[in-house]
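Visitor: I have a structure I would like to understand better, so I am pasting it below and will then ask my questions one at a time.
The values are calculated or read from the model by the stated rules, or taken from the named source; none is laboratory data. Remember, predicted model here, so these are calculated numbers, not experimental data. Neighbour counts are summed over all protein chains in view; Cβ atoms, including those assigned to glycine, are modelled from backbone coordinates with ideal geometry.
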Amino acid sequence: MENQTKKQRRPLSKPAPKGQSLAELEALPTAGQPGAEARQQAYDELERRIEERTTELTAANLLLTQEIEERKRAEAELKRTKEYLENVIDNSVDAIGIVDRHGRFILWNRRAEEIYGYLFDELAGKTAFELYADPQELEKMLTKLRREGVVREYEIDMQKKDGSIVPMDISISLLRDELGHTIGSVCVARDLSERKKAELALKRAQEELSLYSKDLERQVKRRTREITGILRYTPAVVYIKDKAGRYRLVNSRFEELFRIKGEDIRGKSDYDIFPKGVADQFRASDLQVLAEGRPRQVEEPIPQEGGVHTYLMVKFPIYDDQGVANGLCGIATDITELKKAQDQLRRLSGSIMASQEKERTAIARELHDELGQVLTALRMDAVWLAEHLKDREDKAADRSLKMRDLIDTTIDEVRGLATRLRPGVLDHLGLIDALEWYAAEFRKRTGIACNFKSLNVNRVDDIVATAAYRIAQEALTNVARHSYATQVQITLKEEKGVLTLAVVDNGRGFNTRKIEELECLGLAGMRERAGLIGGALEIRSKPHKGTQVYFKLPLNARR
């Protein structure tokens with residue numbers, strides 16, 4: 001461009017100013033001659049016009065270059081768009097076909113080949129109309145297409161290459177030229193076979209669900225009637241509270257006992273119904289159940305019109321869908337009469353055991369005093385007889401000595417029997433000495449190492465001493481019979497007002513879950529003795545881990 005501009009600036013190639021020819025310009029006077037100034041002005045005007053024209057040509061050339069580049073970019077973009085469109089069509093999940101106005105195929109994508117089974121070359125000589133299974137349904141669709149210019153999601157049956165009929169979801173749009181004349185159409189088809197199967201399966205599932213829902217509804221109604229009947233007619237008191245202790249539901253028995261209707265108690269707490277002391281007791285028990293997250297069984301006294309009644313209360317937490325405890329349920333059974341009967345049985349049992357102890361003491365005394373004296377006299381006679389016969393009849397003398405030895409053995413057995421029935425050391429020296437003596441006697445009789453230890457134990461009354469001694473005696477009897485132990489430790493201690501007797505062995509042990517099956521008169525007797533004086537018996541054991549028997553008695557309650 002610069003070279004061209006320089007050529008244009010040469011004097012010989014400059015165009016003549018408007019109204020003047022080059023010859024006229026050359027004929028003008030030169031500088032220093034007449035007319036030279038006019039001639040110079042003409043040249044300047046010509047140069048100015050050349051520069052203007054050059055600028056215009058440069059701008060036009062630049063604009064032309066930009067237009068060429070823009071056209072190239074448009075062509076490239078068009079090419080990319082065409083490739084993208086072809087890629088989209090070829091990889092579409094739907095079958096896509098383009099036909100001319102006579103129904104002959106112009107385009108047939110890969111998905112169409114997969115669905116219909118025809119390759120594009122195999123469609124030569126065929127029209128799109130031949131792929132429809134029902135001509136009447138086809139005519140309906142074409143009528144709609146001609147009227148509206150488009151068909152969307154039209155469900156119609158089509159025929160594949162193998163002759164099978166499949167339901168298709170068809171969408172067709174007409175193609176028109178610049179004059180609005182129809183030149184063809186674009187068809188998008190989707191195979192509905194799987195959807196039909198899914199719809200059929202869904203329909204069956206809905207039918208089954210409907211049947212199940214109806215059956216479930218019947219079950220819910222039946223269970224609701226059953227639960228309502230239970231809540232209405234059970235003699236137990238049933239209620240449900242939220243975490244704050246406010247009642248959400250009470251049964252008819254609750255309403256009857258406490259003279260309050262369910263709708264009136266809903267939203268109220270125990271403090272609105274019972275005295276503060278009773279309400280505090282209930283609330284503490286409720287909070288313990290919620291904190292532990294497990295059922296709890298307690299005996300709670302509840303004041304009623306006829307006096308205070310004792311209820312066996314079973315409480316357990318109620319959980320929401322997320323497994324969070326949002327309240328609790330309580331079921332209370334009136335055991336007042338049962339408690340009275342238990343007290344009577346306990347007193348009767350205590351009386352029987354006291355009578356047994358008296359009878360044991362009497363028998364032991366008779367064995368020791370009466371039978372013991374008779375045996376002692378017989379022994380003396382046997383010794384006298386042996387002395388008188390030793391010089392006369394040797395055999396008779398030896399027989400007398402054997403009789404003496406037999407009498408000695410019998411005396412020892414009678415004394416042992418009397419001691420086991422009622423050891424005199426228990427009456428004369430107390431519980432500690434009695435347990436120490438029995439541990440030594442047990443060790444000598446069974447060969448099992450048995451040690452006794454007492455810690456900070458004051459003298460206890462005869463009833464406690466007898467109960468503790470009998471519990472230890474029965475526990476050691478079980479050790480000798482069943483445990484196969486080699487060592488037993490007896491411990492008697494008093495700590496914080498509680499007397500504790502422990503009998504621990506290293507035997508084979510047993511499963512405490514089956515203790516009810518193993519329950520015998522010995523264990524029942526120990527529990528009964530412990531309960532009669534206000535104590536408790538606890539048995540701990542595991543297979544091959546030994547057994548521990550604990551008797552605990554609060555002494556403060558007896559003083």
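Visitor: Given (1) over 30 Å from residue 97 (Cα atoms); (2) at pLDDT 50 or above; (3) not in a loop (DSSP other than H, G, I, E, B), where does residue 12 come up short, assuming only one miss?
Guide: The one condition residue 12 does not meet is (2).
Visitor: Right, another one. Write out, first by first residue and then by second, each pair whose Cβ atoms fall under 8 Å of each other, whose residues are 6+ apart or on separate chains, and whose first residue, in region 145-157, is assigned to a helix (DSSP H, G or I) while the second is of a type in the set (Ser, Thr, Tyr) and surrounded by 12 or more Cβ atoms within 10 Å (Cβ to Cβ).
Guide: So the pair list comes out as 145/185.
Visitor: Here is a follow-up. Can residue 253 be described as surrounded by 15 or more Cβ atoms within 10 Å (Cβ to Cβ) and of a type in the set (Lys, Arg)?
Guide: Yes; evaluated as a whole, the condition is true for this residue.
Visitor: Still on this structure: Could you figure out which of (1) at pLDDT 90 or above; (2) closer than 23 Å to residue 87 by Cα isn't true of residue 139?
Guide: (2)
Visitor: Please name all residue pairs, on different chains or six or more residues apart, with Cβ atoms under 6 Å, provided the first residue is in region 41-55 and is modelled with pLDDT of 85 or more and the second residue is in a helix (DSSP H, G or I).
Guide: Filtered contacts from region 41-55: 50/8; 54/5.
Visitor: Checking the conditions here, which among 291, 279, 284 is surrounded by 14 or more Cβ atoms within 10 Å (Cβ to Cβ), free of Cβ contacts under 8 Å to residues at least 12 places away in the same chain and assigned to a helix (DSSP H, G or I)?
Guide: It is 279.
Visitor: Does at least one position in region 228-246 carry a residue that is assigned to a helix (DSSP H, G or I), of a type in the set (Phe, Trp, Tyr) and either modelled with pLDDT under 85 or not assigned by TED's automatic domain parsing to the domain that holds residue 324 (or both)?
Guide: Scanning region 228-246 turns up at least one residue that is assigned to a helix (DSSP H, G or I), of a type in the set (Phe, Trp, Tyr) and either modelled with pLDDT under 85 or not assigned by TED's automatic domain parsing to the domain that holds residue 324 (or both).
Visitor: Which condition does residue 493 not pass, out of (1) at pLDDT 85 or above; (2) over 27 Å from residue 344 (Cα atoms); (3) in contact with a helix residue (DSSP H, G or I) (Cβ under 9 Å, 6 or more places away or on another chain), if it passes all the others?
Guide: (3)
Visitor: Kindly evaluate residue 217 against the criterion of being in a helix (DSSP H, G or I) and not assigned by TED's automatic domain parsing to the domain that holds residue 274.
Guide: Spelling it out, residue 217 is indeed in a helix (DSSP H, G or I) and not assigned by TED's automatic domain parsing to the domain that holds residue 274.
Visitor: Also: Starting from residues that are among the charged types (D, E, K, R) and over 23 Å from residue 234 (Cβ atoms), keep the ones in region 307-331 and report whichever is surrounded by the most Cβ atoms within 10 Å (Cβ to Cβ). Working first, answer last.
Guide: Taking region 307-331 first, the residues among the charged types (D, E, K, R) are 315, 320-321.
The next check asks that each one be over 23 Å from residue 234 (Cβ atoms); those that pass are 320-321.
Details: 320: 9, 321: 6.
Within region 307-331, the match that is surrounded by the most Cβ atoms within 10 Å (Cβ to Cβ) is 320.
Visitor: State whether the residues of region 136-158 include one that is under 50 Å from the mean Cα position of the chain (by Cα) and among the β-branched types (Val, Ile, Thr).
Guide: Among the residues of region 136-158, not one is under 50 Å from the mean Cα position of the chain (by Cα) and among the β-branched types (Val, Ile, Thr), which makes the answer no.
Visitor: Are any residues in region 211-261 within 29 Å of the chain's Cα centre (by Cα) and small (Gly, Ala, Ser), and if so, which ones?
Guide: Hits for region 211-261 are 213, 244, 245.
Visitor: Among the residues of region 158-176, write down those that are touching a Lys or Arg at 6+ places or on another chain (Cβ under 7 Å) and farther than 15 Å from residue 130 by Cα.
Guide: Passing the criteria: 167, 169, 171.
Visitor: For region 458-489, name all the residues that are surrounded by fewer than 18 Cβ atoms within 10 Å (Cβ to Cβ), modelled with pLDDT of 85 or more and part of a loop (DSSP other than H, G, I, E, B).
Guide: Selection gives 484, 486.
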